[in-house]
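The values are calculated or read from the model by the stated rules, or taken from the named source; none is laboratory data. Computed from a predicted model, the values in this text were never measured in an experiment. FYI the Cβ positions are ideal-geometry reconstructions off the backbone, even for glycines, and counts take in every protein chain you see. To get the accessible areas, we keep the full protein, side chains included, count just its heavy atoms, and leave off ligands, DNA and RNA. Shrake-Rupley method; radii C 1.70, N 1.55, O 1.52, S 1.80 Å.
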Amino acid sequence: MSPSNLRQRYEAAGQAHLLKFWDADALSEAEQKSLADQLEALDIERVNRIYKKAVTAEAEAAAPGAHDPIQPLPKDASDSVKSGKDAEWRAIGLEAISNGAVAVLLMAGGQGTRLGSSAPKGCYDIGLPSHKSLFQYQAERIARLQTVAEQEFKKPAGSVIIPWYIMTSGPTRGPTTEFFAKNSYFGLNPKNVILFEQGTLPCLTMEGKVLLDTKSHVAVAPDGNGGVYAATRAPLSPADKSHTVLSDLAKRKVLYVHAYGVDNCLVRVADPVFLGYGIQKQCDCAAKVVPKSDPTESVGVIARRGEKFSVIEYSEISKEQAERRDPETGELSFRAGNIVNHFYTTTCLNKVEAFEEELAFHIARKKIPHVDLETGEAVKPAKPNGMKLEMFVFDVFPFTEHFAVLEVMRNEEFSPLKNAPGTGSDDPETSRRDLLAQHKRFLERAGAIVKDGVEIEISPLVSYAGEGLQSVKGKTFTKSGVVGELEELDALV
Ligand code: UTP
């Protein structure tokens, strides 16, 4: 496109200020080219549409009576791992894994701004004795589960594969790729670890004008974890436009997908119990939840809104609703804490495209570094000055056909890494504490005694969820250590 056509397009879209430094002769030829390339590739008309829709949707949502009233989850669409059916679900899920019908989808495109680390969150060392990263834990859980499925379903060693699709974003793709390569994919076959990239959107002023982060570059941000759906349809490489995550799933004959966020050190990747639950209930989509700890916890809950399932943000729930309890059980009526942990059929993932246009982006008002258009100076704002537009992965729930919720125990399955070290909640120290406490429980449940103060870290390659530790029965552990193979436990007695 010629520079004058580009200008016309941006003028018509009300975004011609992006060419301000070009007009002022403040750009070198290389900078002009790079800006022109970026502006040409940007669908600026779509950005304007998304902005308008996001602003309208936000205003409508805030209007009184905008939504149908919320109701607690119906009993037939929710269950708990404490129901006694977990062994049955596990068998169903593990069989699907053993048949190669399961894949995992990791959302690792977030920028982890609260944590404050420059590397992707999955590379983070939460201070475990082994210093394994979150990515390594997840990789080893996949490896172990493949082995468990082979053993329990009498398949040849190495024959069961759980492909791992990892969504990255502009900021996380390079470092994530390098981290996996440097660590030899943590023992997994690189053919079965598929990295892909979510989309980005420009950052906007509060009035919807696109911001520049340098004189020749538009400020962009990942389009939210809900960008995962569009990203599964995008080519995995420019060389082959027909090869996408969805086509890859189809080629591998995958029927069920477990999707999760990168920052939960306790995540049961490809959890056979959850998969079995979703399969048995014939869900097209399901969500794992943890019980809300108390009425004031700031977590979104899954509930019914009219005829549909939705995530209700904590700010949308009245005090009376938050405190309401089920008269039979005494439990909170709205308690299904949403933890970004979903089951999908591949059929369901393929259907998202049909209704995706109906979903509105959410507005996140943030401090966005940018270049001042008048002075050309770099500005680092002290308070929110603009907006990022994000899609949420759970916004598809109301559109699914057969949805259900599985409640799991928080101490076994959820300890997110959100905040910087020393914050006191959802930080590296709480992640470390919760993971090591779980390993202690694994040993105790297998019949061992672990002396106070003893810290034993058990590799996921030894045990995925506490299984396979029968040999510790009756033993007393008196020494701390890292266990990479079952036999190494003996040295800690
Ligand atoms: P969060 O909403 O907690 O964001 O992501 P974050 O990037 O980890 O942290 P902050 O808010 O910047 O501090 C929940 C999950 O969704 C993924 C994250 O990687 C995490 O696994 N995510 C988020 C994406 O994959 N893409 C995005 O654009 C945003």
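Please identify every one of the trypsin sites (Lys or Arg not before Pro) in the range 255-325 that sits in a loop by DSSP and has no more than 15 other beta carbons within 10 Å of its own beta carbon.
Details: sites: Arg268, Lys281, Lys288, Lys292, Arg304, Arg305, Lys308, Lys319, Arg324, Arg325; in loops: Arg268, Lys281, Lys292, Arg324.
For trypsin sites (Lys or Arg not before Pro) across the range 255-325 that sit outside H, G, I, E and B with at most 15 neighbouring Cβ atoms in 10 Å, the list is empty.
How much net charge surrounds Glu207 when only the other residues with a Cβ under 13 Å from the Cβ of Glu207 are counted, with Lys and Arg +1 and Asp and Glu -1?
Details: positive: Lys52, Lys209, Arg365; negative: none.
Result for the neighbourhood of Glu207: +3.
I want to check the label-to-label distance for Arg441 and Asp240. Put each point 7 Å from Cα in the C-beta direction and report it in nm to one decimal.
Each label point is offset 7 Å from its Cα along the Cβ direction, giving 4.3 nm.
Just going by the charge dipole of the chain, with Lys and Arg at +1 and Asp and Glu at -1 on Cβ, which of Ala149, Ser318, Ala63 is farthest out on the positive end?
Ala149
Amide H neighbours of His370 under 5 Å, at least 5 residues apart or on other chains, H built in the peptide plane: list them.
For His370, whose amide H was placed from the backbone, the distant partners under 5 Å are Val379.
Output ³J(HN,Hα) for the range 338-343: one whole-Hz value per residue in order, computed from phi by the Karplus curve 6.51 cos²θ - 1.76 cosθ + 1.60 with θ = phi - 60°, and x for Gly and Pro.
Listing the rounded values in order: 7, 10, 6, 8, 10, 10 Hz.
Just grab the label-to-label distance for Gln8 and Ala62, each label 7 Å out from Cα along the Cβ direction, in nm (one decimal).
Once both label points are built, they end up 3.9 nm from each other.
How much net charge surrounds Val257 when only the other residues with a Cβ under 15 Å from the Cβ of Val257 are counted, with Lys and Arg +1 and Asp and Glu -1?
Value of the local net charge: +4.
Checking the cross-link filter: which lysines have an alpha carbon closer than 17 Å to that of Lys383, excluding same-chain neighbours under 8 positions apart?
By straight Cα distance, Lys383 reaches Lys366, Lys367.
Given a Förster distance of 35 angstrom, what is the FRET efficiency for Arg114 paired with His402, based on the Cβ-Cβ distance and rounded to 0.05?
0.50
Pulled fully out, how much extra length does the chain show between Ser471 and Ala77, if you take 0.36 nm times their separation in residues and subtract their Cα-Cα distance?
138.0 nm
Could you give the Stokes-Einstein D for the chain in µm² per second, using the C-alpha Kirkwood radius, 4 °C, 1.567 mPa s?
It comes out at roughly 53 µm²/s.
For Gln32 and Lys52 in the same chain, what is the full-extension length gain: residue separation times 0.36 nm, less their Cα-Cα distance, in nm?
Computed gain between Gln32 and Lys52 is 4.3 nm.
Please compute the Cα-Cα pair-distance distribution of the range 53-109 with 10 Å bins starting at 0, giving whole percents from short to long.
16, 20, 26, 21, 16, 0
Could you pull out every residue, at least 5 positions away or on a different chain, whose amide H is within less than 5 Å of the one on Ile458? Hs are placed 1.01 Å off N in the peptide plane, and Pro or chain starts have none.
Distant-sequence amide H within range of Ile458: Val483.
Hey, what angle do you get for helix 346-355 against the long axis of the chain, alpha-carbon based, 0 to 90 degrees rounded to 10?
Here the helix axis deviates by roughly 30 degrees.
Can you give me the relative contact order of the chain as a percent, contacts being Cα pairs under 8 Å and 6 or more apart?
Computed over the chain, the figure is 19 percent.
Based on DSSP H runs of at least 4 residues, each adding -39500 (n - 2.57), what is the mean residue ellipticity at 222 nm of the chain after dividing by all its residues, to the nearest 500 deg cm²/dmol?
After summing the helix terms and dividing by residue count, I get -9000 deg cm²/dmol.
What's the angle, to the nearest 10 degrees (0 to 90), between helix 428-445's Cα axis and the longest principal axis of the chain?
That works out to roughly 20 degrees.
Could you size up the charge dipole of the chain around its Cα centre, putting +1 on the beta carbon of Lys and Arg and -1 on that of Asp and Glu, and report it in debye to the nearest 20?
Magnitude of the dipole: close to 580 debye.
Just to be sure I understand the curve: with the Debye formula and one point per C-alpha of the range 23-171, what is log10 I(q)/I(0) at q = 0.18, 0.20 Å⁻¹?
With one equal scatterer per Cα and no solvent, log10 I(q)/I(0) is -1.16, -1.20.
Compute the acute angle (0 to 90°) between the alpha-carbon long axis of helix 3-12 and the principal axis of greatest extent of the alpha-carbon atoms of the chain; round to the nearest 10°.
The two axes meet at around 80 degrees.
Could you sort out which of Lys308/Lys351; Lys52/Lys418; Lys121/Lys215; Lys75/Lys281 sit more than 19 Å apart by Cα distance in this structure?
Beyond 19 Å: Lys52/Lys418; Lys121/Lys215.
Under a Cβ-Cβ cut-off of 13 Å, what is the net charge of the residues other than Arg335 that fall near it, where Lys and Arg count +1 and Asp and Glu count -1?
-2
At a Cα cut-off below 13 Å, give the aspartates and glutamates reachable from Lys319, other chains included and same-chain residues fewer than 8 away excluded.
Within the straight-line limit of under 13 Å, Lys319 reaches these aspartates and glutamates: Asp294, Glu297.
So for the range 408-493, what are the equivalent ellipsoid semi-axes in whole Å, largest first, each being the square root of 5 times an eigenvalue of the Cα gyration tensor?
Details: eigenvalues 120, 37, 25 Å².
Ellipsoid semi-axes (Å, largest first): 24, 14, 11.
What list of ³J(HN,Hα) couplings, whole Hz, do you get for the range 474-488 from phi and the Karplus terms 6.51, -1.76, 1.60, once you set θ to phi - 60° and write x for glycine and proline?
x, 8, 10, 8, 10, 10, 7, x, 10, 10, x, 9, 3, 4, 5
Which percent of the accessible area of the chain is formed by carbon and sulfur heavy atoms (probe 1.4 angstrom)?
Using a 1.4 Å probe with all protein chains present, the chain comes out at 51 percent carbon and sulfur.
Accessible area per residue for the chain in Å², computed with a 1.4 Å probe and the full protein assembly in place, what is it?
46
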